[in-house]
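A short worksheet on the structure shown next.
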Amino acid sequence: MSSQSSRAVAAPPPNGNVFSLGVASGAPRHDSMVLWTRLAPQPLAEDGHGGMSLDPVTVHWEVCADPDFRGRSFRGKALAQPELAHSVHPKVTGLDPQTEYWYRFRVGRTTSPVGRFRTLPAPGSSPESFSFATTTCQAWYHGHYAVQRHIAAEKELDLVFFLGDYIYEYGINAGNHWREGSTVTDAHRYETETLEQYRLRYSLTKSDPNLQALHARCAAVVTWDDHEVQNDYARHTSAYGIPAELFVHRIAVAYRAFYENMPIDVTALPEGTAADLTDELEIGDLASFSVLDTRQFRDPKPVDLEEQYRPDRTMLGTEQEAWVTRRLAASKATWNVLANGITVSRITENRVDQWDGYPAARQRLLDAMAASRNCVVLTGDTHRHTASELRRNFDDPTVEGNVGVELICSSATSDGDGAPTDNLAKDWLQHDWVKMYDGRRGYVHVRLDRQQMQSTYLVVDWVRADDRAPRVVRARFTTPAGDPRLIEA
Ligand code: FE
Ligand code: CA
């Protein structure tokens, strides 16, 4: 027995509801799942410690194929330690494929809410269909989580993809605090810079009951974009001129807080400024997902057009680019899906934070997609719903040049209520490969089967006033297998 576990036994259980941040599952496989919770009896305690002392605490977990936890269950315990903000990431193994499970945690006499997940289909199997939703950009202070509430209520849902901007780093003040009926204390007024500030921002975001319900509904697959650290950063470069020696520290604490608050495997635990978020999900022979990191390895913003079009500029970094190129070429799956932070489609060359700012790297990705089949890119970041066909050469007007489709998901709350159209619409709709534009908040639901992909774009008309906006279907597209187009129903 280590001294830490005897300390854990000696420490009294914390007071209050230690499960105030909910539960989650992620890193889905056919035979395993990572469970997550973070103990925080006072989630908004201004010191970022969630009301926890420096004692480690033993957390018991239980997974069962029965929602009432009768019958055979998987059990274990994990040590919640202050070094990781009292988060735990136990991995349960030996599960059956394509099976629904329920899970819960316990500390002392306190039991957590129950979550559920579905394991992935077995390797070599031929599943009939697979369904998931995408969501992104959930600035807590810009609105209520109606979108998350609607996703949690989806009937067909194997997974949810969080495509970046899970938190925002900005200080919350009278100018941007649009979530009506809510208040925050002074500790939230400043841009997040320290580990404790990032932890507190995750606590604020994750204290929302709709987001908790979504995580409890199904397993999550997460990647990040920029706001998990700072707007528009690239690799170790701040877009706001913070000197590198300071900014690397900020990246390190931001990445650490991300790990502490996400249902991801210990393989994603950062070491300083290095973290491996990339992931591979195989859905039998139906689909193959690659989860990309479009932030950590990219070259900084170009200073001029000459630099922007330089052939050696990278978005993914050499290693990740080779990895995804290999996966796309080798895949035998019907559908090949990339979960990605930012827009791949060509829109305007002055959007240098997007793949538009990295045209040579984009061409290499499109070439890799041309060597694969039925490619689908899932994208966040723009705070607008758009759908686009991907052409190997965007100057070629024929659809024969299509190499895939891109489903760009609007924000859950960022930018507030939004409107069906706005002043950015013309930048997008000038291109015949862009099939839809909507500036309201929403999410995308996708159903894959052997013959086709159905992507449904859902919107809500408001998020600022409350979380009660009904969802409306904005568009539904069919993409036949073997014919990478977006055909609107
Ligand atoms: Fe965003
Ligand atoms: Ca972003």
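The values are calculated or read from the model by the stated rules, or taken from the named source; none is laboratory data. Since this is a predicted model, take the numbers as computed values, not measurements. A quick note on method: Cβ atoms are made from the backbone with ideal geometry, for glycine too, and the neighbour counts reach across all protein chains shown. Ligands, DNA and RNA are excluded from the accessible area calculation, which covers all protein heavy atoms including side chains. Shrake-Rupley method; radii C 1.70, N 1.55, O 1.52, S 1.80 Å.
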| Leaving out ligands, DNA and RNA but keeping every protein chain, what accessible area does Lys77 have, in Å² rounded to the nearest 10, with a 1.4 Å probe? | 140
| query | What is the helix-to-structure angle for 195-206, meaning the angle in degrees between its Cα long axis and the longest Cα principal axis of the chain, kept from 0 to 90 and rounded to the nearest 10? | reply | 80
| query | With θ set to phi - 60° and the Karplus curve 6.51 cos²θ - 1.76 cosθ + 1.60, what are the ³J(HN,Hα) couplings of the range 173-184 in order, to the nearest whole Hz, using x for Gly and Pro? | reply | 9, 4, x, 10, 8, 9, 6, 5, x, 10, 10, 10
| remark: Taking a straight Cα-to-Cα line shorter than 12 Å from Lys435, and setting aside same-chain aspartates and glutamates fewer than 8 residues away, one finds Glu389, Glu406, Glu488
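Shape verdict for the range 378-460, please, from the Cα gyration tensor: rounded (a/c under 1.5), prolate (a/b greater than b/c) or oblate. Intermediate results must be reported in sequence, preceding the final value.
Details: a/c = 2.65, a/b = 1.31, b/c = 2.02.
Here the range 378-460 falls in the oblate category.
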| task | Could you check the simple spin-label distance between Ala153 and Arg351, using points 7 Å along Cα→Cβ, in nm with one decimal? | result | 3.1
| For a paramagnetic label modelled at 7 Å from the Cα of Glu306 toward its Cβ, which residues of the range 345-371 fall within the zone defined by backbone nitrogen distances under 20 Å? | 349-350, 352, 357-361
| said: Can I get the semi-axes of the range 169-244's equivalent ellipsoid? Compute them from the C-alpha gyration tensor as square roots of 5 times the eigenvalues, in angstrom, largest first. | reply: 24, 19, 11
| said: Using +1 at the C-beta of Lys and Arg and -1 at the C-beta of Asp and Glu, which of Val473, Trp102, Val460 has the Cα lying farthest in the positive direction of the dipole of the chain? | reply: Trp102
| request: Label the range 37-178 by shape, choosing from rounded, prolate and oblate, from the square roots a ≥ b ≥ c of the eigenvalues of the Cα gyration tensor; if a/c is under 1.5 it is rounded, and otherwise prolate applies when a/b is larger than b/c, oblate when it is not. | output: oblate
| note | Amide H proximity to Ile342 below 5 Å, modelled H, separation 5+ or other chain, gives Gly380
| Cα to Cα, under 25 Å, and not fewer than 8 places away if on the same chain: which lysines meet these conditions relative to Lys301? | Lys426
| field | Label zone at Ala371 (point 7 Å along Cα-to-Cβ), backbone N below 11 Å, the range 281-325 | value | 322-325
| request: Determine the dipole magnitude for the chain: charges of +1 sit on the beta-carbon of Lys and Arg, -1 on that of Asp and Glu, nothing else is charged, the reference point is the Cα centre, and the result goes in debye to the nearest 20. | output: 1400
| note | Put Val377, Val473 in order of accessible area, largest first, probe 1.4 Å, and you get Val473, Val377
| query | Taking the convex hull of the alpha carbon atoms in the chain, what volume per residue do you get, in Å³? | reply | 146
| field | Proximal charge balance of Asn210 [Cβ under 10 Å; K/R count +1, D/E count -1] | value | -1
| remark: Expressed in Å to one decimal, the Kirkwood Rh of the range 233-337 from all distinct alpha-carbon pairs is 15.7
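Suppose we take every Cα in the range 209-278 and form the convex hull; what volume per residue is that in Å³?
Taking the convex hull of the Cα positions in the range 209-278, it is 96 Å³ per residue.
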| task | For the range 392-401, just list the computed ³J(HN,Hα) in residue order, Karplus coefficients 6.51, -1.76 and 1.60, θ = phi - 60°, integers in Hz, with x standing in for Gly and Pro. | result | 4, 10, 6, 8, 8, x, 9, 6, 4, x
| request: Towards the positive end of the charge dipole of the chain, with charges on Cβ (+1 Lys, Arg; -1 Asp, Glu), say which of Pro113, Ala174, Leu424 has the farthest Cα. | output: Pro113
| message | On a straight-distance basis, which lysines could pair with Lys91 in a cross-link, Cα separation under 24 angstrom, same-chain partners fewer than 8 positions away excluded? | response | Lys77, Lys206
| task | Grab the DSSP H runs of the chain that are 4 residues or longer, score each as -39,500 (n - 2.57), total them, divide by all residues and round the 222 nm result to the nearest 500 deg cm²/dmol. | result | -5500 deg cm²/dmol
| query | Over the Cα atoms of the range 339-489, Rg to Rh with Kirkwood Rh, two decimal places? | reply | 0.96
| task | Would you rank His188, His30 by solvent-accessible area, highest first, keeping every protein chain in place and using a 1.4 Å probe? | result | His30, His188
| remark: Calc'd 3J(HN,Hα), the range 353-360, phi into Karplus 6.51 cos²θ - 1.76 cosθ + 1.60 (θ = phi - 60°), Hz, glycine/Pro = x, comes to 7, 8, 4, 4, x, 9, x, 5
| request: Give the long-range amide H neighbours of Val377: residues separated by 5 or more places, or on another chain, with amide H under 5 Å away, using H modelled in the peptide plane at 1.01 Å from N. | output: Leu338, Val405, Glu406, Leu407
| remark: With the charge dipole of the range 281-341 built from beta-carbon charges (+1 for Lys and Arg, -1 for Asp and Glu) about the Cα centre, the Cα from Pro311, Asn336, Ile283 projecting farthest to the positive end belongs to Ile283
| query | Accessible surface of Arg392 in the full protein assembly, 1.4 angstrom probe, to the nearest 10 Å²? | reply | 110
| field | Alpha-carbon centroid distance for the pair the range 195-264 / the range 384-414, whole angstrom | value | 27
| Modelled label-to-label distance, Trp323 and Ser73, 7 Å Cα→beta-carbon offset: nm? | 3.5
| request: Return one number: the angle in degrees, 0 to 90 and rounded to the nearest 10, between the long axis of the Cα atoms of helix 317-330 and the longest principal axis of the Cα atoms of the chain. | output: 70
| said: Please compute the Kirkwood hydrodynamic radius of the range 290-391 from all pairs of different C-alpha atoms, in Å with one decimal. | reply: 13.9
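Just how large is the dipole of the range 391-489 about the Cα centre, in debye to the nearest 20, putting +1 at every Lys and Arg Cβ and -1 at every Asp and Glu Cβ?
340
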